[in-house]
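Only one structure is covered here, and it is reproduced in the block below.
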Amino acid sequence: TDVFKKLSHESLGFHANRFSGSLVSQTNKLIGGFERFWDTIIWQATPVFVTIVATVVISSFYFLPYALFILLVSIIFGFAVYRGSSFMRALNTREAQASTKLSGYLADMVSNIVAVKSFGNEKTEFTRSKIHANAWRATSLNSMWGFLKVSTIYSSLLVIVSGGAIFAAVYASEHKYISIGTVYLLLTFTLSVTRQLWEMNSIMRNYNRIM
């Protein structure tokens with residue numbers, strides 16, 4: 001409703017300077033992005049926050065150094081994801097712009113197919129659509145390679161965290177700082193936290209695509 005109200009109050013010059021297909025494509029992406037934003041908050045961000053906080057609080061009663069370790073790791077990993085998302089934002093923006101141009105162009109071409117065929121411009125329109133498609137494919141590949149790079153860094157950090165937690169738990173158990181049962185509990189917490197930390201990557205990726 002708000003989107004329709006906004007578009008209906010724009011001037012004739014606004015609509016005259018924009019292709020209808022491109023405008024419809026942008027509108028659909030805006031509406032879909034709003035829905036995905038709340039889905040991300042409710043089904044991804046909230047479980048991550050609750051899991052990390054609960055793990056830190058509960059584990060502090062069993063082994064305080066471990067709780068502080070998890071808290072510190074979560075902060076560092078969160079900062080790394082934030083920096084990685086800043087790098088990805090530029091790539092996602094270029095990909096979104098190329099996708100909008102492609103879908104808008106195709107929508108306009110199909111809507112005006114009678115005029116295109118009347119003037120015999122099929123080959124010209126096909127060439128133009130191929131240019132837009134190649135541009136979108138190039139930006140999409142750049143985004144994919146960028147995502148693989150930052151994901152490799154995140155995976156390396158999580159491997160270090162898991163290895164460090166296992167080493168610390170075994171060391172503490174051998175030196176009688178904690179019991180075997182506590183070791184099992186802390187390792188279970190570690191697996192749960194690392195799984196939720198990885199979700200931060202997905203959350204920021206979705207956030208960049210939405211914005």
Might you work out the accessible area of Met144 for me, using a 1.4 Å probe with all protein chains in place, and round it to the nearest 10 Å²? 90
If DNA, RNA and ligands are ignored and the probe is 1.4 Å, what is the ranking of Tyr184, Tyr154, Tyr105, Tyr62 by accessible area, most exposed first? Tyr184, Tyr62, Tyr105, Tyr154
For the range 137-211: accessible area per residue (Å², 1.4 Å): 61
Two-site label geometry, Glu174 and Lys123: point separation in nm, points 7 Å out along Cα→Cβ: 7.7
Sorting Thr182, Ile153, Ile131 by the position of each Cα along the dipole of the range 127-211 (Lys, Arg +1; Asp, Glu -1; all at Cβ), the one nearest the positive end of that ordering is Ile131
Roughly what would the spin-label model give for Ser155 and Val110, points 7 Å off Cα along C-beta, in nm? 3.7
Heavy atoms of the protein only, probe of 1.4 Å, neighbouring chains included. What is the accessible area of Leu141 in Å², nearest 10? 80
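The values are calculated or read from the model by the stated rules, or taken from the named source; none is laboratory data. Being a predicted model, the structure only gives us computed values, none of them experimental. In this analysis, Cβ positions are derived from the backbone assuming ideal geometry, glycine residues included, and neighbour counts consider all displayed protein chains. These area figures cover heavy atoms from the full protein model, side chains too; ligands, DNA and RNA do not enter into them. Shrake-Rupley method; radii C 1.70, N 1.55, O 1.52, S 1.80 Å.
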